[in-house]
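What follows is one structure encoded as structure tokens, with my remarks underneath.
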Amino acid sequence: MTSHSERAAAFLKDPDRVSWHDETLWIVRKKRDRAAASVKEWENLREKASKLKEYVLSDLAGLLTEFERNATLNGAVVHWAADADEFNRVVLEIIKSKNARNIVKSKSMLTEECGLNHFLQDHGVDIVDTDLGERIIQFRNEPPSHIVLPAIHLKKEDIGELFHLKLGTDRGATDPQYLTRAARVHLREKFLNAHVALTGVNFAIAENGTVVVCTNEGNADMGVHSAPVQIHCMGIEKIIPKMEHLAVFTRLLARNATGQPVTTYTSHYRTPKENGELHIIIVDNGRTERLASIDYRDALKCIRCGACMNTCPVYRRSGGHSYGFTIPGPIGTILAPHSVPGKILYKDLPAASSLCMSCSNVCPVKIGIHEQIYKLRQELIRKGYGSFVKRAILKISGFVFAKPVLYDISGKMVRIALKIVPRFLIYSRVNTWGLERELPAVPTQSFKEWYRQNGSN
Amino acid sequence: MKPAGKFKIGLFIPCYIDQFYPQVGIATLELLRKLDQDVHYPLKQTCCGQPLANSGAEDDAKEVYKNFVRNFSEFDYVVTPSGSCAYHVKEHYDILEQSEDVVKVRRCTYELCEFIADVLKVDDLKINYPHRVGVHQSCHGLRGLKLGNPSELISASYSKVISLLEKADGIELIKLDREDECCGFGGTFSIFEPAVSARMGRDRVDDHLRNNAEVITATDMSCLMHMEGIIKRNNKNIKVVHIAEILNSNSL
């Protein structure tokens, strides 16, 4: 399998597309800055959200059982799933029990995480992503490249071509309004024939058993209102204690995600429709293991706003697919390596960060993202991952840097070597620094050599 | 304005400055002496250990950390022309046993501008620098040491670095399109992710060029080394100058 740096290099081969990708996401970041600055207590709000999430993680079991009790009293059916496999089977059982075939879905990264679409398709169920970006990547049989803007890697020309093939729009059409309308007509038919509507959950309120879904296109509502059966899927960390806490998060979420004051729709689902069914599936899938890890548990505070991606100078230039994990960018980098209990995966991702710390500063729940990336790097080396060469270089450097005389001699040798070795040898392919950069010019003396001669006065 | 005191200072010159940019070390030393400080350069210093730790080998860096502490525990302050190294000592020496010496060194290590602004409390260095200058706000200084307010945080605007520069005679500080985006150096990130790193560097240099800077300055020579490498490879007409060299071009 290729590494992040190789996939990033491939994405970077088209510099104009990279400029466009970078600039588009930078505009979102600027909109976020303006929206955040319009709330004068913004930083206090982040602090409050962070503290609330810490409280939630400290009493997850209590809050989840309170939620289950209240949701059940409201008439919902609450299911629990330990992992992706169980989650997919629970969804399939509900679908089968209703003899349903047509499923419409909106706003769920969890179903991406669990691979639900492919699972259901393998069992003969037609599941349609109804949000525009998600539908586009579903047509392309691709994972999302961003958690809020899943098709951000594509330009309108790409969409025009895709819709011409899939929806029969005019060849070469790129007008966003025309293309959106075609998608709307296509999706309207899917809604009207839906047997089951499936959504993700942004927040689940323990005190009253409500689930809250934040959307812009309104497809969660459209699906829930047209299909007799509704299923809401949530990770165990989506719980918040009380209704009064919701506004802390909704004030942060859309502003931080896209720069909007609030999402167009903030839908509260509490009781089943008349003659309908409301199912809530609560999924663990590795979250409990993370909860038990002091170093990495804070990642469970994430409310999936995507702001860390928009601000990340690496993500904007390497593209979401370079991460190879369902959730890309800085938050994906800290979620991926421990996404499957008992394993360490995606070992290339912790190196895919310049540790500029911007991600931690935009995070609405103050996850120390850069600190976790740093810790993951330590863990990987400690557990013996990384190439033999890399580990040997680190060991030798540690030895040299700890011995002043050795350091002085090595430094001098490097400087002499850089002067006398021919350029083609210095700028060989293994010197990745030199692929697109010059090395610094070599001075006649190091500072230390100068100081010994001239430093005393 | 007189410095707030005369201190016994241990000068820490980061390894890559020692080896490749001695003029930055000399400027730092001269500047601190002009500011009437008792400056010493312990000869057994090597490196703060960050290159190892950032690659995941902090266990191998421990002996390097200990060497740093041995060299610098006797001083009132440790001053260094690098925000990144200062940040590393303060933030990541937490894995050492927190002896009196370790605690003192972590507390008393300062990046140069921060030391001048916060300890010496000198705000006008009587600099004459008639150039158009773009300030690259190195991430570890900006976000780690809080030398300024990063653009992501909704807080009052300040910069300890720009405050020192803007009083210079003749200087024109240019405004960048992106005031504090990372240059893509990132230590060993520049080696492990060369394509993204170089692209980030080109974008950063282009921002300065677009806004007519003659000089890019920063608190960290590492960012400047990376951008200099890009400037030279692409034959761009712009120079990098460490902030210590600008602050030392004075008539105190």
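The values are calculated or read from the model by the stated rules, or taken from the named source; none is laboratory data. Note that this is a predicted model, so its numbers are computed, not measured. When we count neighbours, we look across all protein chains shown, and the Cβ atoms used for this are built from the backbone with ideal geometry, even at glycine.
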Within segment B:146-169, residues crowded, with 19+ Cβ neighbours inside 10 Å, not in a loop (DSSP other than H, G, I, E, B) and not hydroxyl-bearing (Ser, Thr, Tyr) come out as B:148, B:160, B:161, B:164, B:165
Given the conditions (1) over 20 Å from residue A:451 (Cα atoms); (2) crowded, with 24+ Cβ neighbours inside 10 Å; (3) facing chain A (nearest Cβ under 9 Å); (4) in contact (Cβ under 8 Å) with a residue 24 or more places away in the chain, every one holds for residue B:13 apart from (1)
Of the residues in segment B:16-53 that are free of Cβ contacts under 8 Å to residues at least 12 places away in the same chain and out of contact with any Gly (no Cβ under 8 Å at 6 or more places or on another chain), the one that is farthest from the other protein chains (Cβ to nearest Cβ) is B:33
Per the filter on segment B:219-252, residues crowded, with 24+ Cβ neighbours inside 10 Å and of a type in the set (Gly, Ala, Ser) are B:222, B:244
Subset of segment B:137-189, residues touching a Ser or Thr at 6+ places or on another chain (Cβ under 7 Å) and acidic (Asp, Glu), comes to B:152, B:179, B:180
Apart from one, (1) surrounded by fewer than 19 Cβ atoms within 10 Å (Cβ to Cβ); (2) more than 22 Å from residue B:4 (Cα to Cα); (3) more than 11 Å from chain A (Cβ to nearest Cβ); (4) not small (Gly, Ala, Ser) all hold for residue B:135; the odd one out is (1)
Considering only helices (runs of 4 or more DSSP H) wholly within segment A:356-457, the ones with at least 2 residues that are surrounded by 16 or more Cβ atoms within 10 Å (Cβ to Cβ) are A:358-362, A:369-382, A:388-401, A:404-420, A:447-454
So, residue B:160, is that one basic (Lys, Arg) and within 14 Å of chain A (Cβ to nearest Cβ) or not? no
Going through segment B:187-238 in order, the residues found to be at positive phi and either among the hydrophobic types (A, V, I, L, M, F, W, C) or free of Cβ contacts under 8 Å to residues at least 24 places away in the same chain (or both) are B:235
The correct count of residues that are in a strand (DSSP E or B) and touching a His at 6+ places or on another chain (Cβ under 6 Å) in segment A:178-220 is 4
Requiring at least 1 residues that are of a type in the set (Ser, Thr, Tyr), the helices (runs of 4 or more DSSP H) wholly within segment B:39-145 are B:58-72, B:83-92
If we ask which residues in segment B:69-89 are surrounded by fewer than 19 Cβ atoms within 10 Å (Cβ to Cβ) and touching a strand residue (DSSP E or B) at 6+ places or on another chain (Cβ under 7 Å), their number turns out to be 1
Among the residues of segment A:376-392, is any at the interface with chain B (Cβ under 9 Å from one of its Cβ atoms), of a type in the set (Asp, Glu) and under 27 Å from residue A:333 (Cα atoms)? yes
Note on segment B:148-176: residues farther than 22 Å from residue B:246 by Cβ and without any contact (Cβ under 8 Å) to a residue 12 or more places away in the chain are B:152, B:153, B:154, B:155, B:156
Checking A:168, A:235, A:200 in turn, the sole residue that is at positive phi and modelled with pLDDT of 95 or more turns out to be A:168
